[in-house]
1. Surrounded by 21 or more Cβ atoms within 10 Å (Cβ to Cβ), assigned by TED's automatic domain parsing to the domain that holds residue 7, more than 18 Å from residue 117 (Cα to Cα) and touching a Pro at 6+ places or on another chain (Cβ under 6 Å): is that true of residue 304 in this structure?
2. When the residues of the stretch 248-271 are filtered to those that are of a type in the set (Gly, Ala, Ser) and within 17 Å of residue 136 (Cα to Cα), which remaining residue is farthest from the ligand (Cβ to nearest atom)?
3. Tell me yes or no: at least one residue of the stretch 56-64 is under 30 Å from residue 236 (Cβ atoms), in contact with a Pro (Cβ under 9 Å, 6 or more places away or on another chain) and of a type in the set (Gly, Ala, Ser).
4. Hey, residue 207 hits all of (1) closer than 24 Å to residue 135 by Cβ; (2) not in a helix (DSSP H, G or I); (3) not small (Gly, Ala, Ser) but one; which does it fall short on?
5. Can you tell me how many residues within the stretch 237-263 are assigned to a loop (DSSP other than H, G, I, E, B), buried (at least 23 other Cβ atoms within 10 Å of the Cβ) and modelled with pLDDT under 95?
6. Looking only at the stretch 210-229, count how many residues are β-branched (Val, Ile, Thr) and closer than 15 Å to residue 242 by Cβ.
7. Note down all Cβ pairs under 7 Å where the first residue falls in the stretch 250-262 and is in contact (Cβ under 8 Å) with a residue 60 or more places away in the chain, the second is within 11 Å of the ligand (Cβ to nearest atom) and among the β-branched types (Val, Ile, Thr), and they're at least six residues apart or on different chains.
8. Taking the stretch 1-40 as the region of interest, how many residues are within 16 Å of the ligand (Cβ to nearest atom), under 29 Å from residue 87 (Cα atoms) and of a type outside the set (D, E, K, R)?
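The values are calculated or read from the model by the stated rules, or taken from the named source; none is laboratory data. Because the structure is a prediction, the values reported are computed rather than measured. All Cβ positions, glycine included, derive from the backbone under ideal geometry; neighbour counts span all protein chains shown.
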Amino acid sequence: MKSSFDIAVFEGDGIGPEIMRPTLALLDRVARRHQLALRFNEVSAGAAHYARTGEALPQASMDAARSADAVLLGAMGLPDVRYDDGTEISPQIDLRRELHLFAGVRPVTLAEHQRSPIRIEPGRRVDFVLIRESTEGLFWSLGRGEVSDEEARETLVITRKTSEKLFRFAFDLAARRKAEGRGAGRVTCVDKANVFRAFAFFRGIFDEEAAERPELVADHAYVDAMALRMIQTPWDLDVLVTENMFGDILSDLGAGLMGGLGLAPSADIGDRHAVFQPCHGSAPDIAGQGAANPHAMILSAAMMLEWLGHQHQVPAAVSAGDELRRAVEQTLSDQRRLTRDLGGDASTEEAGHAVAGLLEGVAA
Ligand code: ATP
(Lines give C-alpha, C1' and ligand atoms only; values in the text may rest on other atoms or scores of the structure.)
Protein backbone atom coordinates (compact mmCIF):
# COMPACT_ATOMS: atom_id res chain seq x y z
CA MET A 1 0.00 0.00 0.00
CA LYS A 2 1.27 3.47 -0.86
CA SER A 3 2.57 5.28 2.21
CA SER A 4 4.58 8.19 0.86
CA PHE A 5 3.24 11.06 -1.18
CA ASP A 6 4.87 13.87 -3.18
CA ILE A 7 3.26 17.22 -2.55
CA ALA A 8 3.98 20.28 -4.71
CA VAL A 9 3.76 23.36 -2.49
CA PHE A 10 2.97 26.82 -3.87
CA GLU A 11 3.25 29.29 -1.00
CA GLY A 12 2.22 32.10 -3.31
CA ASP A 13 1.69 35.74 -2.37
CA GLY A 14 0.68 37.91 0.58
CA ILE A 15 -0.22 35.78 3.59
CA GLY A 16 0.39 32.58 1.56
CA PRO A 17 3.84 31.81 3.04
CA GLU A 18 2.65 32.73 6.58
CA ILE A 19 -0.26 30.26 6.57
CA MET A 20 1.69 27.58 4.72
CA ARG A 21 4.44 27.36 7.38
CA PRO A 22 2.30 26.05 10.26
CA THR A 23 0.31 23.90 7.83
CA LEU A 24 3.37 22.00 6.61
CA ALA A 25 4.54 21.48 10.21
CA LEU A 26 1.12 20.06 11.14
CA LEU A 27 0.96 17.86 8.06
CA ASP A 28 4.37 16.45 8.87
CA ARG A 29 3.31 15.72 12.41
CA VAL A 30 -0.04 14.12 11.64
CA ALA A 31 1.44 12.07 8.79
CA ARG A 32 4.14 10.60 11.06
CA ARG A 33 1.49 9.66 13.62
CA HIS A 34 -0.15 7.57 10.89
CA GLN A 35 3.08 6.08 9.45
CA LEU A 36 2.86 8.17 6.32
CA ALA A 37 5.60 10.20 4.66
CA LEU A 38 4.90 13.47 2.87
CA ARG A 39 7.65 14.90 0.66
CA PHE A 40 7.17 18.63 0.10
CA ASN A 41 8.52 20.18 -3.07
CA GLU A 42 8.32 23.98 -2.85
CA VAL A 43 7.72 25.64 -6.20
CA SER A 44 7.28 29.23 -7.37
CA ALA A 45 4.41 31.02 -9.05
CA GLY A 46 2.21 34.03 -8.45
CA ALA A 47 2.16 37.80 -8.60
CA ALA A 48 5.43 38.46 -6.76
CA HIS A 49 7.13 35.89 -8.98
CA TYR A 50 5.65 37.62 -12.04
CA ALA A 51 6.88 41.02 -10.85
CA ARG A 52 10.40 39.59 -10.48
CA THR A 53 10.61 37.44 -13.60
CA GLY A 54 7.78 38.37 -16.01
CA GLU A 55 6.38 34.83 -15.64
CA ALA A 56 3.37 33.96 -13.47
CA LEU A 57 3.54 30.17 -13.66
CA PRO A 58 6.91 28.85 -14.89
CA GLN A 59 6.91 25.63 -16.88
CA ALA A 60 9.06 23.92 -14.22
CA SER A 61 6.42 24.70 -11.56
CA MET A 62 3.65 23.44 -13.83
CA ASP A 63 5.61 20.23 -14.42
CA ALA A 64 6.16 19.81 -10.66
CA ALA A 65 2.41 20.20 -10.08
CA ARG A 66 1.62 17.68 -12.79
CA SER A 67 3.98 15.04 -11.45
CA ALA A 68 3.03 15.46 -7.76
CA ASP A 69 0.45 13.30 -5.97
CA ALA A 70 -1.29 16.51 -4.87
CA VAL A 71 -0.77 20.27 -4.84
CA LEU A 72 -1.04 22.59 -1.84
CA LEU A 73 -1.48 26.26 -2.59
CA GLY A 74 -1.39 29.25 -0.20
CA ALA A 75 -2.85 32.21 -2.09
CA MET A 76 -1.95 34.00 -5.29
CA GLY A 77 -2.43 37.50 -6.65
CA LEU A 78 -1.61 41.02 -5.49
CA PRO A 79 -3.81 44.01 -6.37
CA ASP A 80 -0.87 46.13 -7.53
CA VAL A 81 0.67 43.53 -9.82
CA ARG A 82 -1.35 43.12 -13.00
CA TYR A 83 -1.10 42.08 -16.61
CA ASP A 84 -1.16 44.84 -19.23
CA ASP A 85 -4.93 44.41 -19.72
CA GLY A 86 -5.51 45.23 -16.03
CA THR A 87 -6.46 41.71 -14.89
CA GLU A 88 -4.84 40.16 -11.81
CA ILE A 89 -2.20 37.45 -11.86
CA SER A 90 -4.04 34.25 -11.02
CA PRO A 91 -2.02 31.13 -11.89
CA GLN A 92 -4.38 29.08 -9.72
CA ILE A 93 -6.94 29.47 -12.53
CA ASP A 94 -4.34 28.28 -15.08
CA LEU A 95 -3.58 25.29 -12.85
CA ARG A 96 -7.28 24.38 -12.79
CA ARG A 97 -7.43 24.51 -16.57
CA GLU A 98 -4.14 22.75 -17.28
CA LEU A 99 -4.77 19.93 -14.80
CA HIS A 100 -8.49 19.70 -15.75
CA LEU A 101 -9.64 20.29 -12.18
CA PHE A 102 -13.32 20.55 -13.03
CA ALA A 103 -14.75 20.09 -9.50
CA GLY A 104 -14.22 22.93 -7.02
CA VAL A 105 -15.24 21.43 -3.69
CA ARG A 106 -16.24 23.93 -0.98
CA PRO A 107 -17.50 22.32 2.23
CA VAL A 108 -19.68 24.52 4.42
CA THR A 109 -19.75 23.12 7.93
CA LEU A 110 -20.34 24.59 11.34
CA ALA A 111 -18.53 22.79 14.13
CA GLU A 112 -19.86 22.86 17.68
CA HIS A 113 -18.02 26.01 18.79
CA GLN A 114 -18.01 27.79 15.47
CA ARG A 115 -19.78 31.12 15.47
CA SER A 116 -22.06 31.93 12.55
CA PRO A 117 -23.68 35.29 11.80
CA ILE A 118 -27.01 33.49 11.42
CA ARG A 119 -29.06 31.79 14.11
CA ILE A 120 -28.90 28.03 13.85
CA GLU A 121 -32.14 26.39 15.03
CA PRO A 122 -31.54 24.13 18.03
CA GLY A 123 -30.83 20.53 17.03
CA ARG A 124 -29.89 21.51 13.46
CA ARG A 125 -26.48 20.91 11.94
CA VAL A 126 -25.01 22.82 9.02
CA ASP A 127 -22.93 20.44 6.89
CA PHE A 128 -23.19 20.76 3.12
CA VAL A 129 -20.85 20.88 0.15
CA LEU A 130 -20.90 23.33 -2.72
CA ILE A 131 -19.34 22.00 -5.92
CA ARG A 132 -18.30 24.73 -8.30
CA GLU A 133 -17.37 23.78 -11.84
CA SER A 134 -13.86 25.21 -12.12
CA THR A 135 -12.66 25.14 -15.72
CA GLU A 136 -15.38 26.72 -17.86
CA GLY A 137 -18.66 28.61 -17.31
CA LEU A 138 -18.14 32.37 -17.36
CA PHE A 139 -14.49 31.94 -16.33
CA TRP A 140 -13.87 30.31 -19.73
CA SER A 141 -13.74 33.89 -20.94
CA LEU A 142 -10.73 34.81 -18.82
CA GLY A 143 -8.32 36.71 -21.05
CA ARG A 144 -10.73 36.42 -24.01
CA GLY A 145 -13.18 39.22 -23.26
CA GLU A 146 -13.81 41.77 -26.01
CA VAL A 147 -13.98 45.42 -25.06
CA SER A 148 -14.53 48.44 -27.30
CA ASP A 149 -15.49 52.01 -26.40
CA GLU A 150 -19.14 51.11 -26.82
CA GLU A 151 -19.46 47.53 -25.69
CA ALA A 152 -17.93 44.70 -23.66
CA ARG A 153 -18.56 40.97 -24.08
CA GLU A 154 -17.56 37.89 -22.16
CA THR A 155 -18.67 34.39 -23.21
CA LEU A 156 -20.00 31.68 -20.90
CA VAL A 157 -19.21 28.12 -22.02
CA ILE A 158 -20.83 24.93 -20.74
CA THR A 159 -19.73 21.64 -22.33
CA ARG A 160 -21.45 18.27 -22.16
CA LYS A 161 -18.16 16.48 -21.47
CA THR A 162 -17.23 18.53 -18.40
CA SER A 163 -20.81 18.76 -17.11
CA GLU A 164 -21.23 14.98 -17.20
CA LYS A 165 -18.05 14.51 -15.19
CA LEU A 166 -19.06 17.26 -12.79
CA PHE A 167 -22.50 15.78 -12.08
CA ARG A 168 -21.09 12.26 -11.72
CA PHE A 169 -18.63 13.65 -9.18
CA ALA A 170 -21.49 15.37 -7.31
CA PHE A 171 -23.63 12.21 -7.18
CA ASP A 172 -20.64 10.12 -6.05
CA LEU A 173 -19.93 12.60 -3.27
CA ALA A 174 -23.58 12.57 -2.16
CA ALA A 175 -23.51 8.76 -2.09
CA ARG A 176 -20.35 8.77 0.06
CA ARG A 177 -21.77 11.37 2.44
CA LYS A 178 -24.96 9.33 2.76
CA ALA A 179 -22.94 6.18 3.53
CA GLU A 180 -21.01 8.14 6.20
CA GLY A 181 -24.26 9.42 7.74
CA ARG A 182 -23.40 13.01 6.85
CA GLY A 183 -26.05 13.72 4.24
CA ALA A 184 -29.45 12.70 2.92
CA GLY A 185 -28.09 11.67 -0.50
CA ARG A 186 -29.49 14.77 -2.21
CA VAL A 187 -27.86 16.71 -5.07
CA THR A 188 -29.25 20.11 -6.02
CA CYS A 189 -28.39 21.61 -9.40
CA VAL A 190 -28.07 25.40 -8.95
CA ASP A 191 -28.58 27.34 -12.17
CA LYS A 192 -30.60 30.03 -13.93
CA ALA A 193 -32.37 27.73 -16.36
CA ASN A 194 -35.45 29.98 -16.43
CA VAL A 195 -33.52 32.75 -18.18
CA PHE A 196 -30.52 31.35 -20.05
CA ARG A 197 -30.41 28.54 -22.63
CA ALA A 198 -26.92 27.55 -21.51
CA PHE A 199 -28.30 26.79 -18.04
CA ALA A 200 -31.23 24.85 -19.45
CA PHE A 201 -28.60 22.75 -21.26
CA PHE A 202 -26.66 22.38 -17.97
CA ARG A 203 -29.82 21.29 -16.16
CA GLY A 204 -30.74 18.85 -18.93
CA ILE A 205 -27.40 17.06 -18.55
CA PHE A 206 -27.89 17.03 -14.77
CA ASP A 207 -31.28 15.34 -15.22
CA GLU A 208 -29.74 12.69 -17.49
CA GLU A 209 -27.12 11.87 -14.83
CA ALA A 210 -29.77 11.93 -12.11
CA ALA A 211 -31.78 9.31 -14.00
CA GLU A 212 -28.78 6.96 -13.67
CA ARG A 213 -28.77 7.38 -9.87
CA PRO A 214 -32.27 6.41 -8.65
CA GLU A 215 -30.90 5.68 -5.15
CA LEU A 216 -30.16 9.40 -4.69
CA VAL A 217 -32.43 12.44 -4.66
CA ALA A 218 -31.91 15.08 -7.35
CA ASP A 219 -33.53 18.50 -7.42
CA HIS A 220 -32.99 22.00 -8.81
CA ALA A 221 -32.80 25.57 -7.52
CA TYR A 222 -32.29 28.94 -9.19
CA VAL A 223 -29.13 30.60 -7.99
CA ASP A 224 -30.88 33.63 -6.47
CA ALA A 225 -33.29 31.41 -4.51
CA MET A 226 -30.33 29.29 -3.36
CA ALA A 227 -28.57 32.38 -1.95
CA LEU A 228 -31.67 32.91 0.21
CA ARG A 229 -31.90 29.25 1.26
CA MET A 230 -28.24 29.21 2.27
CA ILE A 231 -29.07 31.92 4.81
CA GLN A 232 -32.56 30.78 5.88
CA THR A 233 -32.29 26.98 6.04
CA PRO A 234 -28.67 25.91 5.43
CA TRP A 235 -29.21 22.76 7.52
CA ASP A 236 -31.48 21.33 4.79
CA LEU A 237 -28.74 21.35 2.13
CA ASP A 238 -26.53 18.40 1.20
CA VAL A 239 -24.60 18.61 -2.10
CA LEU A 240 -25.01 21.64 -4.39
CA VAL A 241 -23.53 21.70 -7.88
CA THR A 242 -23.21 24.80 -10.01
CA GLU A 243 -21.45 26.77 -12.73
CA ASN A 244 -18.09 28.46 -12.12
CA MET A 245 -19.17 32.09 -11.59
CA PHE A 246 -22.24 31.24 -9.52
CA GLY A 247 -20.01 28.93 -7.46
CA ASP A 248 -17.45 31.67 -6.99
CA ILE A 249 -20.08 33.92 -5.44
CA LEU A 250 -21.95 31.28 -3.42
CA SER A 251 -18.72 29.95 -1.95
CA ASP A 252 -17.99 33.33 -0.34
CA LEU A 253 -21.54 33.27 1.03
CA GLY A 254 -20.72 29.81 2.42
CA ALA A 255 -17.54 31.19 3.97
CA GLY A 256 -19.62 33.94 5.57
CA LEU A 257 -21.94 31.32 7.09
CA MET A 258 -18.88 29.67 8.62
CA GLY A 259 -17.86 32.89 10.35
CA GLY A 260 -15.44 34.19 7.74
CA LEU A 261 -12.94 33.43 5.01
CA GLY A 262 -10.33 32.34 7.56
CA LEU A 263 -12.27 29.11 8.14
CA ALA A 264 -13.25 28.16 4.58
CA PRO A 265 -11.21 25.40 2.90
CA SER A 266 -11.43 24.24 -0.70
CA ALA A 267 -10.22 21.64 -3.16
CA ASP A 268 -10.10 21.68 -6.95
CA ILE A 269 -10.32 18.11 -8.12
CA GLY A 270 -9.95 16.37 -11.49
CA ASP A 271 -9.68 12.74 -12.54
CA ARG A 272 -6.00 12.43 -11.53
CA HIS A 273 -4.87 15.73 -10.03
CA ALA A 274 -6.06 17.97 -7.22
CA VAL A 275 -5.11 21.36 -5.76
CA PHE A 276 -5.99 22.27 -2.16
CA GLN A 277 -6.14 25.91 -1.12
CA PRO A 278 -8.15 28.15 1.19
CA CYS A 279 -11.15 30.00 -0.28
CA HIS A 280 -9.59 33.32 0.63
CA GLY A 281 -7.10 35.35 -1.37
CA SER A 282 -3.67 36.66 -0.44
CA ALA A 283 -5.06 39.27 2.03
CA PRO A 284 -2.37 41.90 1.27
CA ASP A 285 -3.92 44.22 3.87
CA ILE A 286 -2.67 41.98 6.70
CA ALA A 287 0.33 40.31 5.04
CA GLY A 288 3.59 40.36 7.00
CA GLN A 289 1.87 41.02 10.34
CA GLY A 290 1.74 37.40 11.52
CA ALA A 291 -2.00 37.93 12.05
CA ALA A 292 -3.46 35.70 9.31
CA ASN A 293 -5.74 32.88 10.31
CA PRO A 294 -4.15 29.59 9.18
CA HIS A 295 -7.30 27.49 9.75
CA ALA A 296 -8.64 27.54 6.16
CA MET A 297 -5.22 26.46 4.90
CA ILE A 298 -4.95 23.71 7.52
CA LEU A 299 -8.49 22.48 6.74
CA SER A 300 -7.59 22.42 3.03
CA ALA A 301 -4.54 20.29 3.91
CA ALA A 302 -6.87 17.95 5.85
CA MET A 303 -9.03 17.65 2.71
CA MET A 304 -5.86 16.79 0.80
CA LEU A 305 -5.06 13.91 3.16
CA GLU A 306 -8.60 12.59 2.88
CA TRP A 307 -8.54 12.84 -0.93
CA LEU A 308 -5.14 11.09 -1.12
CA GLY A 309 -6.54 8.36 1.11
CA HIS A 310 -9.60 7.80 -1.09
CA GLN A 311 -7.66 8.14 -4.34
CA HIS A 312 -5.01 5.57 -3.37
CA GLN A 313 -7.07 3.42 -0.98
CA VAL A 314 -4.95 4.38 2.04
CA PRO A 315 -7.27 4.49 5.09
CA ALA A 316 -4.47 5.92 7.27
CA ALA A 317 -4.42 9.08 5.15
CA VAL A 318 -8.20 9.46 5.53
CA SER A 319 -7.83 9.10 9.32
CA ALA A 320 -4.96 11.60 9.39
CA GLY A 321 -7.08 14.15 7.52
CA ASP A 322 -10.01 13.57 9.83
CA GLU A 323 -7.78 14.02 12.88
CA LEU A 324 -6.37 17.29 11.56
CA ARG A 325 -9.85 18.65 10.81
CA ARG A 326 -11.12 17.74 14.27
CA ALA A 327 -8.12 19.36 15.93
CA VAL A 328 -8.96 22.63 14.13
CA GLU A 329 -12.61 22.32 15.20
CA GLN A 330 -11.51 21.82 18.81
CA THR A 331 -9.41 24.98 18.85
CA LEU A 332 -12.53 27.01 18.14
CA SER A 333 -13.82 26.46 21.68
CA ASP A 334 -11.16 28.73 23.18
CA GLN A 335 -11.02 32.38 22.12
CA ARG A 336 -7.40 32.68 23.27
CA ARG A 337 -6.28 30.27 20.57
CA LEU A 338 -7.91 32.26 17.76
CA THR A 339 -6.62 34.94 15.45
CA ARG A 340 -7.99 38.49 15.20
CA ASP A 341 -10.55 37.74 12.46
CA LEU A 342 -12.28 35.32 14.87
CA GLY A 343 -12.18 37.72 17.80
CA GLY A 344 -8.99 36.46 19.44
CA ASP A 345 -5.48 37.88 19.53
CA ALA A 346 -3.36 34.82 18.74
CA SER A 347 -0.72 35.12 16.04
CA THR A 348 -0.68 32.83 13.00
CA GLU A 349 2.07 30.82 14.66
CA GLU A 350 0.22 30.53 17.98
CA ALA A 351 -2.97 29.43 16.21
CA GLY A 352 -0.94 26.71 14.45
CA HIS A 353 0.64 25.60 17.75
CA ALA A 354 -2.81 25.40 19.33
CA VAL A 355 -3.95 22.96 16.64
CA ALA A 356 -0.75 20.92 17.10
CA GLY A 357 -1.38 20.74 20.85
CA LEU A 358 -4.81 19.23 20.24
CA LEU A 359 -3.82 16.64 17.65
CA GLU A 360 -3.18 13.83 20.08
CA GLY A 361 -6.31 14.60 22.08
CA VAL A 362 -8.61 14.10 19.09
CA ALA A 363 -6.97 10.85 17.91
CA ALA A 364 -9.53 8.06 17.66
P1 ATP B 1 -9.38 37.04 -4.10
O2 ATP B 1 -10.10 37.88 -5.09
O3 ATP B 1 -7.96 36.71 -4.48
O4 ATP B 1 -10.16 35.84 -3.63
P5 ATP B 1 -10.25 38.87 -2.16
O6 ATP B 1 -10.24 40.18 -2.85
O7 ATP B 1 -11.54 38.15 -2.00
O8 ATP B 1 -9.18 37.91 -2.82
P9 ATP B 1 -8.95 38.27 0.31
O10 ATP B 1 -7.50 38.31 0.07
O11 ATP B 1 -9.58 36.95 0.40
O12 ATP B 1 -9.66 39.17 -0.77
O13 ATP B 1 -9.28 39.12 1.59
C14 ATP B 1 -10.58 39.63 1.90
C15 ATP B 1 -10.59 40.13 3.33
O16 ATP B 1 -10.53 38.98 4.21
C17 ATP B 1 -9.38 40.97 3.68
O18 ATP B 1 -9.76 41.99 4.58
C19 ATP B 1 -8.44 40.01 4.35
O20 ATP B 1 -7.58 40.60 5.29
C21 ATP B 1 -9.39 39.03 5.03
N22 ATP B 1 -8.78 37.69 5.08
C23 ATP B 1 -8.64 36.84 4.05
N24 ATP B 1 -8.03 35.72 4.45
C25 ATP B 1 -7.77 35.86 5.75
C26 ATP B 1 -7.12 35.04 6.73
N27 ATP B 1 -6.63 33.82 6.44
N28 ATP B 1 -7.02 35.50 7.99
C29 ATP B 1 -7.52 36.71 8.33
N30 ATP B 1 -8.13 37.54 7.45
C31 ATP B 1 -8.25 37.12 6.17
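1. no
2. Top of the filtered list is 270.
3. No - not one qualifying residue is present in the stretch 56-64.
4. (2)
5. Total meeting the criteria: 1.
6. 1
7. Once the first residue is in contact (Cβ under 8 Å) with a residue 60 or more places away in the chain and sits in the stretch 250-262, its partners that are within 11 Å of the ligand (Cβ to nearest atom) and among the β-branched types (Val, Ile, Thr) give 262/339.
8. 8
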